[in-house]
Amino acid sequence: MRILVTDLDGTLLGGYRADRRRLQGALARHPELTVVFATGRGLPSVREVLRDPLVPRPRWIIADVGASVLDGVSLTPVEPLQRRLRSGWPGARRVRAALRRLPGLTYQHGVAQDGRCSFHLRPEQLTRELTDTVEALGCTWLYSADRYFDVLPPAASKGAALAALAAEQGWPMSSVLVAGDSLNDLSLFGLGAHAVIVGGAEPALLDAVPEDERVHRPDRPGAAGILSALQELGWVEREYPLVVGYHRPPLTWTSDGWRPPASPNGILPTLRSLFTGNPQAVWTTAAVLDTEEVHGPDTRSAPLDRHDTGLPLSFVRLSPAEWSGYFHQACKEALWPVLMSQPERLRFDPDAWAHYREVNARFADHIQARAAPGATVWLHDYNLWLVPGLLRPARPDLRIGLFHHTPFPPADVFAALPTAGEIRASLSCLDWAGFHTEAFADCFRRVLARSPRMPRLGVHPLGIDRGAIAALARARARLPRAGAAEGALVLSVERLDYAKAPVEKVEAIAALLARRPRLRGRLGFRLVCPPPEAGITSHDATRQRLERRIIEVNRDWGTGDWRPIEYLPRSLPLAEVIDHYLAADVFWVTSLQDGMNLTAKEFIAAQHAADRSGVLVLSRHAGAAAQLGTAALLTEPHSPADLVETLHRALTLAPDERRMRLDRLADLLGHSHPMDWASDITTAIRGGDPNPGRGGPRSPEYARSGRVHSTG
C-alpha cells in the first residue's frame, strides 16, 4: 500500500513537460501506487486539469484547500467525511459580507469555490484586524505565496482532510508521501508521512517545515522533484546516466539457482565487469518466466531480485510463448538468415514479428523509465533493432547507440526482409552505430544511404581478457595433455549453428581422408559444439544433419579404436576448453559469416602463453580475419575444395613457419582489455572521441580503430 498525495499548481503541474511525462509513466507502471490530489482548486478547475494526458488519474481528490473531498472516479463528494470538514462553515455570503469593509481584499471572481472563500491580498495588508475578523466568524485562514488568502471552515485544511481520508481508508502514514510547494500545503507536512518539498518551493514553506529524514528537499522542481522522492523511497525505479539494453542476462536461472557464464570473454562477461560496483548504470535484460510469474498478482515473486551478483539488473518479464515468438522465430528464423547473408533460409511469420515488435516496445518502455535526463543508452544487436525508433520520439534527450556483434548484411540482402523499411526507419534514429569491422560498417551505411538521418559510425573490434586466458593456460600446461595419443588434432569450439558450417567441416574431413589416405589413423577432428537453446527449429535441422554425417564418416573411415571425428555436444568449463586449445595442432574456424569469433583469439592467447605452435585456420568471413588475416591461414568456407586444401596446408606447415605465424598472431592480438572497449563505446555514443591522442587514420565514411566521425 503506497499513496502519493500531491498538490497540483507548482507541484504535480510544475517544472518541465518532459518531467511530467516521466512521472506519469512511472505511476502508470506502478498501479499499486494510489494517487490523491490535494489542491486549492475547486472541482470544475480539477476537471480541466484531468483533460491533460500527462496528469495521472487520482483515486481521491482533496479540493478547495481541504474543504472538499471527492471520489476521483465518480467526482462526487465523500460523505459524511466532507460534512465533518465543513462543520461550522458560516457560508460564503456571510464571510464575504463580513470582510467587505476591510481594505486590500480582492475576491477571486471566476474561480470556482465550494466551502471556502479565496481572495488576493498583498503581504502588507495581512493585518491583525483581518485575521481577528475571520476568527470571529468561527473560521480559519491560510496565506500563501504572498498573494493568496483563503478563508476555510474551522476544521478544514489539506492536512485535516488527508488525515480523515487516511483513517477511513486504513492508510498508515508510513505508506504515504505528501508533496507540496507552498504554505497552503503546510498542514500536509505535520502528519508524520514521508514528504517532499519540490525545488523552487515557497521559501516560507521551507522555513516552516523542520529538518527530518522523512522530508525530501530535491533541487528539481515540480514533477521531477516528486519523481526523485519516489525513487529515493524505492517506490518507483531509479534513473541512471547509463542504461544498457541487451536481451541476454549475465546469468541463467536454473533449478539449482543462478548460473553465470563460464568464459571471461564475450559481451556478457564484459558487461558484467562494466556494471560491477557501478551505481550509475543499469542493465535492462529479459527474464523468461512462466505465465503466473509474468502476469500473476505479484510480479515481484520470481527470483529476479535474488541473483546475488551485485549487478544492477532490471528485468523485462516475458512468458515462454512471448520469448518463442520473439527470439526463436522472429530473431532466428527471419533476421538471423539475413545477417548471415543466407536470405534463402528466411522464414517470416507475421505473428512472430508481432511478438518482436511487442518485446522491443517493452524494452523501450523499460529503458526510458530508467534513463535519467540526457542519459546514454547502449543497445546490443539486432534483437533490439526497433527500440531506437520507439525511444527517439518519447525521449529526444537520450543519446542512443547500438553495437552490432553480428555481421551486417549487404543492402540487397537486407532488402529481402519484409520489414526492412520498418527496421531502417528505426536504425536511422540512432545517434551512433558500432561494428567489429569496417566492412560491416560500410554495409550499414549503404543500407541507410537514403534515410533522412545517418548515425555516426564506429569500428571497435572486441578483444579478450588475454591476461586471464594466459594465466590459466600456463597453469593447465603443467598438467597431462588432453589430446590424442598420437597424430595431429584439429579443433573447433563453436555453438551449434549452420552459420558456423559444422556439416561442411565434417564433409571436408571425409574428403581429406579420401585424398590423403595416409592420414587415416593419424588425424583427429574434435568438435566442441554446445547446442543452442531448445526451440530454434533451423538449428535442430543442422544438428540432425551434423550428427548423421559424423556417424557416417566415423563408420566409413574408422579403424579399430580410432575414429576421425570426436563430437562433444555440450558446454564445457573454461579450464577444460583451455586444455583443448593447448592440445590442438590446428584451430579451425569456418564461419560462413561471423561478427568476430573470440574463440580464435582465446586459442592464440592460450597457445602463445604455453609456448605452443598451433596453427589458426580462419574463415575469410569472420570479423577476426580483418585483424588476424595476415598471420592466420584464411579459408573460404563456401568452397569445399578450399576447406580441404587449407586444412591440409595447416597440417603440413613446417615447424618454423608455425612458430612464426603464432608469434605474429600474438602480436596482432594485442593486449586491449574488453573493459577499454566498453569505455570507448560509451564515450563514442555520447559524442566524444573514445581514443584521444591515439592517432590513427580516419575514414571519410566512418570511424576506424575506435574513432568516430559524423556522417549526418
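Projecting the Cα atoms of Thr127, Gly200, Thr140 onto the charge dipole of the chain (Cβ charges, centred on the Cα centre) puts Gly200 farthest toward the positive pole. Segment 131-152 and segment 210-253 have their alpha-carbon centroids 38 Å apart. The trypsin sites (Lys or Arg not before Pro) of segment 140-231 that DSSP puts in a loop, and whose beta carbon has at most 13 other beta carbons within 10 Å, are Arg147. Just check segment 157-248 against the gyration tensor rule for me: Cα atoms, a ≥ b ≥ c as the square roots of the eigenvalues, rounded for a/c under 1.5, and otherwise prolate or oblate depending on whether a/b exceeds b/c. Oblate, since a/c reaches 1.5 and b/c is not below a/b. Note on segment 143-260: antiparallel DSSP beta bridges, both residues inside, total approximately 40 percent of the bridges counted. Taking all protein chains as shown and a probe of 1.4 angstrom, Leu572 keeps an accessible surface of around 20 Å².
Computed over protein heavy atoms with a 1.4 Å probe, the accessible surface of segment 338-377 works out to 39 Å² per residue.
Here is the result for segment 564-610: no GluC sites (Glu not before Pro) lie in DSSP coil with at most 15 other C-beta atoms within 10 angstrom of their C-beta. Bridgeable lysines around Lys500 (alpha carbons under 22 Å apart, same-chain partners fewer than 8 residues away excluded): Lys332, Lys601. A Cβ-based charge dipole, computed about the Cα centre of segment 560-682 with Lys and Arg at +1 and Asp and Glu at -1, lands at about 120 debye.
The C-alpha radius of gyration of the chain, expressed as a fraction of 2.2 N^0.38 Å, stands at 1.26.
Taking Lys and Arg as +1 and Asp and Glu as -1, the other residues whose beta-carbon sits under 13 Å from that of Ile3 total 0.
Net charge of the neighbourhood of Trp557, taken over other residues with C-beta under 14 Å away and scored Lys/Arg +1, Asp/Glu -1, is +3.
The loop-placed GluC sites (Glu not before Pro) in segment 151-258, going by DSSP, that have at most 15 neighbouring Cβ atoms within 10 Å of their Cβ come out as Glu211, Glu213. Of the solvent-accessible surface of the chain, computed with a 1.4 Å probe over protein heavy atoms with every protein chain present, carbon and sulfur atoms account for 50 percent. Ordering Ala439, Ile509, Val413 by Cα displacement along the dipole of segment 413-571 toward the positive end leaves Ile509 in first place; charges were set at the Cβ atoms of Lys, Arg (+1) and Asp, Glu (-1).
This model, with +1 at the C-beta of Lys and Arg and -1 at the C-beta of Asp and Glu, gives the chain a dipole about its Cα centre of some 960 debye.
This model, with +1 at the C-beta of Lys and Arg and -1 at the C-beta of Asp and Glu, gives segment 467-547 a dipole about its Cα centre of some 600 debye. Taking Lys and Arg as +1 and Asp and Glu as -1, the other residues whose beta-carbon sits under 11 Å from that of Ala411 total +2. Dipole of the chain computed with +1 at Lys/Arg Cβ and -1 at Asp/Glu Cβ about the Cα centre; of Ser426, Val35, Leu152, farthest Cα towards the positive end is Ser426. Per-residue ellipticity at 222 nm, computed for the chain from helices alone with -39500 (n - 2.57) per DSSP H run of at least four residues, works out to -10500 deg cm²/dmol. Beta bridges from DSSP with both residues in the chain: antiparallel share about 25 percent, rounded to the nearest 5. Sorting the segments 657-667, 172-182, 420-430 by their mean number of nearby beta carbons within 10 angstrom, highest to lowest, gives 172-182, 420-430, 657-667.
The values are calculated or read from the model by the stated rules, or taken from the named source; none is laboratory data. None of these values were measured; they are calculated from a predicted model. Here the Cβ is made from the backbone with ideal geometry for all residues, glycine too, and neighbour counts use every protein chain on show. These accessible areas exclude ligands, DNA and RNA; they are computed on the full protein's heavy atoms, side chains included. Shrake-Rupley method; radii C 1.70, N 1.55, O 1.52, S 1.80 Å.
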